[in-house]
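Take a look at the structure below.
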Amino acid sequence: MSCYTIQPLSPLTLPFSSRSFTLPSLQSDRHTVHSQPLTTTTLTPITTTTTTFSAKPLSESRSQDSWVESLRFQARSNLFLEAILTYIQMTQLGIPPDNFAFPAVLKAVVGLQDLNLGKQIHAHVFKFGYASSWVTVANSLVNVYGKCGDVGDVYKVFERITERDQVSWNSAISALCRFQEWELALEAFRLMLFENVVPSSFTLVSVALACSNLHKHDGLRLGKQVHAYSLRTGNWRTYTNNALMSMYAKLGKVDDSRSLFELFEDRDLVSWNTMISLLSQNDQFLKALLFLRLMVLKGIVPDGVTFASVLPACSHLEMLDRGKEIHAYALKNTDLVENSFVGCALVDMYCNCQQVESGRQVFDGILERNIAIFNAMITGYAQNEHDEKALNLFFQMVALDGIRPNATTMSSVLPACVSCELFSDTEGMHGYVIKRGLDRDKYVQNALMDMYSRMGKIEISKYIFNCMEQRDIVSWNTLITGYVISGRHDHALNLLNQMQRVELERYGDDDCVDEYRILKPNSVTLMTVLPGCSVLAALAKGKEIHAYAVRHLLASDVAVGSALVDMYGKCGCLNLSRRVFDRMPIKNVITWNVLIMAYGMHGKGEEAFELFKNLATEGEKNIILRPTQVTFIAVFAACSHSGMVNEGLHLFHQMKEDHKVEPAPDHYACVVDLLGRAGRVEEAFELINTMPPEFDKKDAWSSLLGACRMHHNVEIGEIAANNLFHLEPNVASHYVLLSNIYSSAGLWGKAMEIRKKMKEMGVRKEPGCSWIELGDEVHKFLAGDVLHPQSKLLHGFLETLSERMRKVGYVPDTSCVLHNVDEEEKETILCGHSEKLAIAFGILNSPPGTTIRVAKNLRVCNDCHIATKFISKIVDREIILRDVRRFHHFRNGTCSCGDYW
């Protein structure tokens, strides 16, 4: 145990540059008056009045009791600077502080949060002989170091107390909780009981807090013991019950918190605030609003904590009107308007309800801004894609207001760095994070992973993930999302499996691990990874995720439900997609959109159009279900795949008048595709020429170029391609389509020129790739694949199958081979197309009669379409082939598209 060395005190400076106070030297006699008089100074206390202290020497005849009482009064009144000055004056006059003066002045030290001042007064405690003989003084020192110092200082002072009382233990346990030493706090409580010191309600409040921060199993076990002890000893105080309510909620037992709340009568404002806060924090937003109403009906006046707790409920439920009512109430009360917690909650509420300008008005109305209010506004801007404003406010905060950003700030501003086109030094922000010492913060690391993923640097994201000391669910979700963004869906699914096997949070020291917790995927995980099942046609994996969602009560979540509707639709199970849709208790417009899109992809345009009409009817009753721009894209695509040209054109011309949706560039592109697919290429060309000049036309030109390839229109195809070469010079598909148009027209020289131009520019064609799921594994095939373990067997099988197909009328469509080679070589090339290899693999590796599901990254070629019809009849299988645009259901020699694709 270390001891303190008594040294002369250096001058004592309070946290105001305009004045300094000097404590008497410890080397002087305790009754000697300090020779340096006080200078005349005007001190501004914490209150709004100004107190002037005279330089005139004070009467030495004033008694010690009078000085001490004055000091204690000032400390009780939170006049901390005045209390310190009184202490200095009395010691200068040689009036010794006693066991009543020291607790008062030490309370003032805590109020000023000045550790150095506390250490000097601690030295005075030693000098005047109160270090060990007076427990009240020692308790005050424990409190000082607990609130201003570190846990080591607390331990040293506490150990020197010879006769510890209840306050000694309470101070120590409270300090350990403040330093988040939860296990040590509970050990101190055990020792307190061992020494037969009776705990008070304050003890139980600290112990309940410690229990709430343990692992759920241990926290509940010990927390219930604390609860039982409070019942047994009659500690049925309001603040004890408030702490127990908070403990149960934090450990996932919200119903127990509510039961406890309803059991005791002496509920105060803190009780109601605790209940509202814990309901809001546990996503029970409607109940939080209900409790606010009950609270007001009971005559309890809400305060800033109430509104800061309930406004997030309005935010998550997007109940803007209710949020405005609360805002109006706050405006009537000046204290509430100026409350930074209420201000932050209001900014967050408005921004979550897409009312960013209203959020900014609240922000501008707060005169004394702190880091929290800046964070709320920056986050609001970033979440609403006002990236430039988010960055500008961040730079204003740092440069003009001089506020140092914290982890929350950087977590909010990093996503804006990627999305803002005007900001180029994205990686420089990473350097700034390191400079500020925030690079080891978990939340900042998550934001950095997201930033690099969106920059296309997924390997850096993976490196940050692997370097993290502690990963939470957001860390895993962020990397999974990164893989999805970069198109590495197989990696995303593998990471999901790894996530469920990893033992994440460790309790105890590194050498002695006490306990592990398995991390479980949440709704964000599922809605992020399900699109990967769609892309890879991994139906079995999608069903497995669906089962997990049902078991863990996540399937009713509207985002997860919408992702499941989309997954089943894109895996070829339209009936299952519709079944999930029909069973969803709550649907939003996204849910409707994905089902309309699914029907369209399967060539069921009439059903898609009927769904659209139903949605429009629902939208008349509920504004949040009105058709959006995405809805019309889905309907136009459905009309295009089903040849419903007139219906699509009528809807396009009426969408603004009937549905208040302005046609956007994407809608023009869809209608160009609708006309072009039907062979009305010239009309499609004219439609592009009618587009507003400020519109981005690249997607419309791309749709037109595809139509020209389909209908062999060289002239318009060249016009479309030249426009695309100007708009997107590095996109390979434009060059490939024009080359294909030339090749199919026999213009081999022009085709070679285009391919030569691609080579010179370093533009590479995306290779054809197909996927098929077998068991728990997704198999990937490239055109002409020889790397798959069964490649030799598959090529041999396809040659045999080709001979059988020829006997029943199959003639290879060699026009699909866009190389100037002989017919035999063209047939060989056709045999190696990726979708044929995947289909062959499915036939050879699955039981007879099993449906074969294949997904391809490009449009299926005409020869593969013809061949698959023959294959489905010869092997008596249903083959579901999804290309980049739509589904083809092959059965008994026919395709669901009716050869209109």
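Observations on the model:
- Residue count for the range 433-442, restricted to those that are surrounded by 17 or more Cβ atoms within 10 Å (Cβ to Cβ) and in a helix (DSSP H, G or I): 1
- As for the range 633-650, it holds at least one residue that is closer than 28 Å to His726 by Cβ and open to solvent by 40 Å² or more (accessible area, probe 1.4 Å).
- Some residue of the range 741-751 being touching a residue at least 12 places away in the same chain (Cβ under 8 Å), surrounded by fewer than 21 Cβ atoms within 10 Å (Cβ to Cβ), within 23 Å of Met597 (Cβ to Cβ) and not acidic (Asp, Glu): no
- Residues in the range 663-694 that are in contact (Cβ under 8 Å) with a residue 12 or more places away in the chain and either of a type in the set (D, E, K, R) or open to solvent by 50 Å² or more (accessible area, probe 1.4 Å) (or both): 5 in all.
- Check on Trp771, more than 29 Å from Ile839 (Cα to Cα) and either over 48 Å from the mean Cα position of the chain (by Cα) or open to solvent by less than 60 Å² (accessible area, probe 1.4 Å) (or both): no
For every residue, the table says whether it meets (1) open to solvent by less than 80 Å² (accessible area, probe 1.4 Å); (2) acidic (Asp, Glu).
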residue: Leu231; (1), (2): no, no
residue: Trp236; (1), (2): no, no
residue: Asn241; (1), (2): yes, no
residue: Leu244; (1), (2): yes, no
residue: Asp256; (1), (2): yes, yes
residue: Leu260; (1), (2): yes, no
residue: Asp266; (1), (2): no, yes
residue: Gly299; (1), (2): yes, no
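- Unmet criterion (only one of (1) within 22 Å of the chain's Cα centre (by Cα); (2) more than 24 Å from Val301 (Cα to Cα)) for Met349: (2)
- A residue that is without any contact (Cβ under 8 Å) to a residue 12 or more places away in the chain, open to solvent by 50 Å² or more (accessible area, probe 1.4 Å) and either within 30 Å of Ile326 (Cβ to Cβ) or part of a helix (DSSP H, G or I) (or both) cannot be found anywhere in the range 400-423.
- Considered as a group, the residues in the range 353-366 that are modelled with pLDDT under 90 and outside any helix (DSSP H, G or I) include one that is nearest to Asp321 (Cα to Cα), and that residue is Cys353.
- Scope the range 415-466; condition of a type in the set (Ser, Thr, Tyr) and under 19 Å from Arg488 (Cβ atoms); matching residues: Tyr452, Ser453, Ser461, Tyr463
- Counting residues in the range 413-434 that are touching a Lys or Arg at 6+ places or on another chain (Cβ under 9 Å), more than 16 Å from Leu391 (Cβ to Cβ) and of a type in the set (A, V, I, L, M) gives zero.
- Screening the range 179-192 for residues that are open to solvent by 70 Å² or more (accessible area, probe 1.4 Å) and outside any loop (DSSP other than H, G, I, E, B) and picking the one that is nearest to Gly234 (Cα to Cα) gives Arg190.
Results for (1) modelled with pLDDT of 95 or more; (2) under 20 Å from His641 (Cα atoms), shown as yes or no for each residue.
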| residue | (1), (2) |
| --- | --- |
| Pro531 | no, no |
| Ala559 | no, no |
| Leu564 | yes, no |
| Cys571 | no, yes |
| Phe581 | yes, no |
| Ile586 | no, no |
| Gly603 | no, yes |
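- When the range 95-137 is filtered for residues that are among the small types (Gly, Ala, Ser) and in contact with a Ser or Thr (Cβ under 7 Å, 6 or more places away or on another chain), only Ser132 remains.
- Residue in the range 836-845 that is of a type in the set (D, E, K, R) and either within 23 Å of Tyr599 (Cα to Cα) or modelled with pLDDT under 90 (or both) present: no
Yes/no per residue for (1) of a type in the set (Ser, Thr, Tyr); (2) in a helix (DSSP H, G or I):
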position	(1), (2)
Ser453	yes, yes
Gly456	no, no
Tyr463	yes, yes
Glu469	no, no
Ser475	yes, yes
Thr481	yes, yes
Val484	no, yes
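- Residue that is most open to solvent (accessible area, probe 1.4 Å), among those in the range 868-892 that are of a type in the set (Asp, Glu) and touching a helix residue (DSSP H, G or I) at 6+ places or on another chain (Cβ under 9 Å): Glu878
- Among the residues making up the range 134-171, those that are open to solvent by 70 Å² or more (accessible area, probe 1.4 Å) and not in a helix (DSSP H, G or I) are Trp134, Asp150, Thr162, Glu163.
- Among the conditions (1) modelled with pLDDT of 90 or more; (2) among the basic types (Lys, Arg); (3) within 21 Å of Ala407 (Cα to Cα), Arg369 misses just one, which is (1).
- The condition of being farther than 29 Å from Lys757 by Cβ, modelled with pLDDT of 95 or more and open to solvent by 60 Å² or more (accessible area, probe 1.4 Å) does not hold for Glu657.
- Only one of Leu251, Leu191, Leu209, Leu186 that is on the phi < 0 side of the Ramachandran plot, at pLDDT below 90 and among the hydrophobic types (A, V, I, L, M, F, W, C): Leu251
- Screening Ala131 against (1) modelled with pLDDT of 85 or more; (2) surrounded by fewer than 23 Cβ atoms within 10 Å (Cβ to Cβ) leaves a single unmet condition, (1).
- Listing of helices (runs of 4 or more DSSP H) fully contained in the range 60-133 that carry 2 or more residues being of a type in the set (A, V, I, L, M) and within 26 Å of Asp150 (Cβ to Cβ): 80-92, 101-112, 115-127
The values are calculated or read from the model by the stated rules, or taken from the named source; none is laboratory data. None of the values given here were measured: they were computed from a predicted structure. A quick note on method: Cβ atoms are made from the backbone with ideal geometry, for glycine too, and the neighbour counts reach across all protein chains shown. For the accessible areas, the whole protein counts, side chains as well, though only heavy atoms, and no ligand, DNA or RNA atoms are used. Shrake-Rupley method; radii C 1.70, N 1.55, O 1.52, S 1.80 Å.
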